[in-house]
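Heads up: the structure comes next, in structure tokens.
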Amino acid sequence: MRSLGLVGWGFLLVLLDLNFEHVDVIPDVIGWLMCLAGLGNLPRTGWFLLARLGAATGLVSAAAAALDAPYDWFIQTGDFVAQLALVVGICAGVQPLLADERHRATARAILTASVGIDLAALALVLLGGGDTSDLAPIVVPLAIAALAVAIWFLVFLRRVSRIEPVEATT
């Protein structure tokens, strides 16, 4: 599952915004293309297809942002959906391919934490009518938790990229 390493590097580029004079030095488009390239070497099953769809959505969203599209809500929603689909698709897809129960448990934990944090963030956005400035005491810890889960996911991808997959029994 070495291609998960490429997905991890691509996702890291998506998460990092290295700006110089308000210009993203490494555009998210490159990160999403790396994710798609890595996902292309994985089995073409339901969960990995979800991850591919997420990366493709992220690519479209990043391209729209790079072209200065006026649809800021569309771009933000695209990023949100893309990242969630990528994490869920990979974490669910790799479980049958991992022999070690500890790795499967980590995948389940990351999946659960990511979905929980994203649902909480969505609830806050809906509760605040799109404006979360009054909800800072909740938003800041949620953002820190989201960052921690993203780092955990990247470390997980690095670890499982070194593992040979077992034959899926399902």
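I'm trying to understand the selection: among the residues of the range 10-46, which are surrounded by 19 or more Cβ atoms within 10 Å (Cβ to Cβ) and either among the aromatic types (Phe, Trp, Tyr) or on the phi > 0 side of the Ramachandran plot (or both)?
Once the filter is applied, which keeps residues that are surrounded by 19 or more Cβ atoms within 10 Å (Cβ to Cβ) and either among the aromatic types (Phe, Trp, Tyr) or on the phi > 0 side of the Ramachandran plot (or both), the range 10-46 yields PHE11, TRP32.
For the range 64-119, give me each residue that is of a type in the set (Ser, Thr, Tyr) and in contact with a helix residue (DSSP H, G or I) (Cβ under 7 Å, 6 or more places away or on another chain).
Across the range 64-119, the qualifying residues are TYR71, THR106, SER114.
For the range 13-29, which residues satisfy the criterion of being in contact (Cβ under 8 Å) with a residue 60 or more places away in the chain and either touching a Gly at 6+ places or on another chain (Cβ under 7 Å) or over 19 Å from ILE151 (Cα atoms) (or both)?
Matches in the range 13-29: VAL14 only.
Of the residues ALA143, ALA62, ALA66, ALA82, which is under 13 Å from the mean Cα position of the chain (by Cα), surrounded by 12 or more Cβ atoms within 10 Å (Cβ to Cβ) and either modelled with pLDDT of 80 or more or among the hydroxyl-bearing types (Ser, Thr, Tyr) (or both)?
ALA82
Kindly indicate which of ARG162, ARG108 is of a type in the set (D, E, K, R) and in contact with a Cys (Cβ under 8 Å, 6 or more places away or on another chain).
Testing whether each residue is of a type in the set (D, E, K, R) and in contact with a Cys (Cβ under 8 Å, 6 or more places away or on another chain) leaves just ARG108.
Find the helices (runs of 4 or more DSSP H) located wholly in the range 51-170 whose residues include 1 or more that are within 26 Å of GLY5 (Cα to Cα) and of a type in the set (S, T, N, Q), and list them. Even if it seems obvious, please write down each step before you answer.
Numbers: elements: 72-94, 101-127, 136-160.
Per the criteria, 72-94, 101-127.
What are the pairs, 6+ residues apart or on separate chains, where a residue within the range 136-165 that is hydroxyl-bearing (Ser, Thr, Tyr) has its Cβ under 7 Å from a residue that is in a helix (DSSP H, G or I)?
Taking only residues 6 or more apart or on different chains, the pairs are SER161/LEU4; SER161/GLY5; SER161/GLY8.
Suppose we keep only residues that are part of a helix (DSSP H, G or I) and more than 13 Å from VAL7 (Cβ to Cβ) within the range 31-48. Which one would you say is modelled with the highest pLDDT?
So the residue we want is TRP47.
Results for (1) out of contact with any Leu (no Cβ under 7 Å at 6 or more places or on another chain); (2) of a type in the set (Lys, Arg); (3) free of Cβ contacts under 8 Å to residues at least 24 places away in the same chain, shown as yes or no for each residue.
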site	(1), (2), (3)
GLY31	no, no, no
MET34	no, no, no
LEU49	yes, no, no
VAL60	yes, no, yes
PRO70	yes, no, yes
ILE75	yes, no, yes
LEU84	yes, no, no
LEU98	yes, no, no
ARG102	yes, yes, yes
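The values are calculated or read from the model by the stated rules, or taken from the named source; none is laboratory data. All of these numbers come straight from a predicted model, not from anything done at the bench. In this analysis, Cβ positions are derived from the backbone assuming ideal geometry, glycine residues included, and neighbour counts consider all displayed protein chains.
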